[in-house]
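The values are calculated or read from the model by the stated rules, or taken from the named source; none is laboratory data. Every value quoted in this text rests on a predicted model; they were computed, and no experiment measured them. As a convention, Cβ positions derive from the backbone with ideal geometry for all residues, glycine included, and neighbour counts pool all protein chains shown. Surface accessibility is based on the protein's heavy atoms, side chains included, excluding ligands, DNA and RNA. Shrake-Rupley method; radii C 1.70, N 1.55, O 1.52, S 1.80 Å.
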Amino acid sequence: QFVESGGGLVQPGGSLTLSCATSRSIFSVATLDWYRQVPGKERKLVATITSSGGTTYYADSVKGRFTISRDNDKNTMYLQMNNLKLEDTAVYFCNRRPRTSWGQGTQVTVSS
């Protein structure tokens, strides 16, 4: 139900923009989240945006570097990631609240 894209390999200090697309029925009135997961560890919440886009939340580890946004006309959510660090390496997923099934995620690798 969710299709994440935009991941890749980037050097420390670089930028990437992730996209999350889903159906209108899921997207339209939902609060949406970005999560990330590294192998062997639990999936962690990175950022949240309400249905109108008026309220956002960021984990302390990404605050000031990541920006979450959404385009309700395109049923797409974004995560602009700047000043990427080695520890941002993970598979990134999106979901709604209440959570539904997970997509495949998109791999972000920060490496020099």
Q.
Rolling a 1.4 angstrom probe over the protein chains, ignoring ligands and nucleic acids, what is the accessible area of Leu9 in square angstrom, nearest 10?
A. 130
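Classify region 1-45 as rounded, prolate or oblate, taking a ≥ b ≥ c as the square roots of the eigenvalues of its Cα gyration tensor: rounded when a/c is under 1.5, otherwise prolate if a/b is larger than b/c and oblate if not.
On the way: a/c = 2.53, a/b = 1.54, b/c = 1.65.
It is oblate, given that a/c is not under 1.5 and a/b is not larger than b/c.
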Q: Give the carbon-plus-sulfur fraction of the accessible surface of the chain in %, rounded to a whole number; probe 1.4 Å, heavy atoms of protein chains only.
A: 48
Q) Taking the chain as a Gaussian network, Cα atoms linked when under 10 Å apart, which of Gly40, Gly13, Gly54 shows the biggest mean-square fluctuation? A) Gly40
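Over region 33-102, with the other protein chains present, what is the accessible area per residue in square angstrom, probe 1.4 angstrom? Walk me through the numbers before you get to the answer.
On the way: 3760 Å² over 70 residues.
On a per-residue basis, 54 Å².
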Q | Inter-label distance, nm, simple model (7 Å from Cα along the C-beta direction), Gln37/Thr89 | A | 1.9
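Considering only protein heavy atoms, with the full assembly of protein chains and a 1.4 angstrom probe, order Tyr35, Tyr78 by accessible area, largest first. Don't jump to the answer; show the numbers that get you there.
Values: Tyr35 20, Tyr78 60 Å².
Sorted by accessible area, descending: Tyr78, Tyr35.
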(Q) If I model a spin label as a point 7 Å beyond the Cα along the Cα-Cβ vector, how far apart are those points for Lys74 and Ser25 in nm? (A) 2.4
